[in-house]
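A short write-up of the structure that comes next.
The values are calculated or read from the model by the stated rules, or taken from the named source; none is laboratory data. Small disclaimer: the values here were computed from a predicted structure and weren't measured. When we count neighbours, we look across all protein chains shown, and the Cβ atoms used for this are built from the backbone with ideal geometry, even at glycine. For accessibility, only protein heavy atoms count, side chains too; no ligands or nucleic acids. Shrake-Rupley method; radii C 1.70, N 1.55, O 1.52, S 1.80 Å.
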Amino acid sequence: MSIDTVPEADPRIPFPHADTALACRAHPGRFVYEHGDTSADTTGRIDQARAACRSCPIVNGCLKWALANPELTVTGIWAATTPRQRTTLRRRLQDRLGPDWVGVVAQQERARAQRRQEQRLNPLSVADRAMADLAPAPHPMWGSHYEPWREPLTPERQQRNRDVLLLGLTGRTA
Ligand code: SF4
């Protein structure tokens, strides 16, 4: 393949920064995998690669990047997944978030980064943090079934949660 034909990475989900050395860069041969290769040697090697991914500090970001860039991850182990598993996960994300699921995930990432920035500048009180913990952010490994409780926690949703609890506790609205 000439350099001109190498597909470009989707800029909406950049590969995450890592402060530590990555196992896939230190031992790239362990992460080589073609669908259908079931030799004992490959199976042992893949197990090692997956174990390394599971303890990798950027595994979640790596998975999102790998899912958003199918042409760059046709083969190999990325974030402990095989090519076939990534295809399944992309299908689930498309079912759940629609054809522009990469854009939706990127938007969720931006919102999450903005929330983290806001919380650094204006830390949540203990009570607010407890409220925020009530609704965890979604993860691409989750299934396609709809779970309202696991919707992304936006500022609007936080406010709605607070309103509902206040109403339940006091019978009053804010
Ligand atoms: S999770 Fe991704 S970055 Fe980390 S070792 Fe695995 S393939 Fe490399």
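Yes/no matrix, rows are residues, columns are (1) surrounded by fewer than 18 Cβ atoms within 10 Å (Cβ to Cβ); (2) over 15 Å from the mean Cα position of the chain (by Cα); (3) in contact (Cβ under 8 Å) with a residue 60 or more places away in the chain; (4) within 21 Å of V6 (Cβ to Cβ):
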| site | (1), (2), (3), (4) |
| --- | --- |
| H27 | yes, yes, no, no |
| I46 | no, yes, no, no |
| A68 | no, no, no, yes |
| D100 | yes, yes, no, no |
| request: Of the conditions (1) open to solvent by less than 80 Å² (accessible area, probe 1.4 Å); (2) out of contact with any Pro (no Cβ under 7 Å at 6 or more places or on another chain), T38 clears all except one; give me its number. | output: (1)
| query | Restricting attention to the range 6-25, and to residues there that are open to solvent by 90 Å² or more (accessible area, probe 1.4 Å) and within 16 Å of the ligand (Cβ to nearest atom), which single residue is farthest from V74 (Cα to Cα)? | reply | D19
| Looking at (1) within 14 Å of E34 (Cα to Cα); (2) within 7 Å of the ligand (Cβ to nearest atom), can you tell me which one T82 breaks? | (2)
| task | Give the residues of the range 118-174 that are modelled with pLDDT of 70 or more, part of a loop (DSSP other than H, G, I, E, B) and open to solvent by less than 50 Å² (accessible area, probe 1.4 Å), sorted by residue number. | result | L124, L153, T154
| Do we find that R91 is surrounded by fewer than 18 Cβ atoms within 10 Å (Cβ to Cβ), away from the ligand (no atom under 16 Å from the Cβ) and within 30 Å of Q158 (Cα to Cα) in this structure? | yes
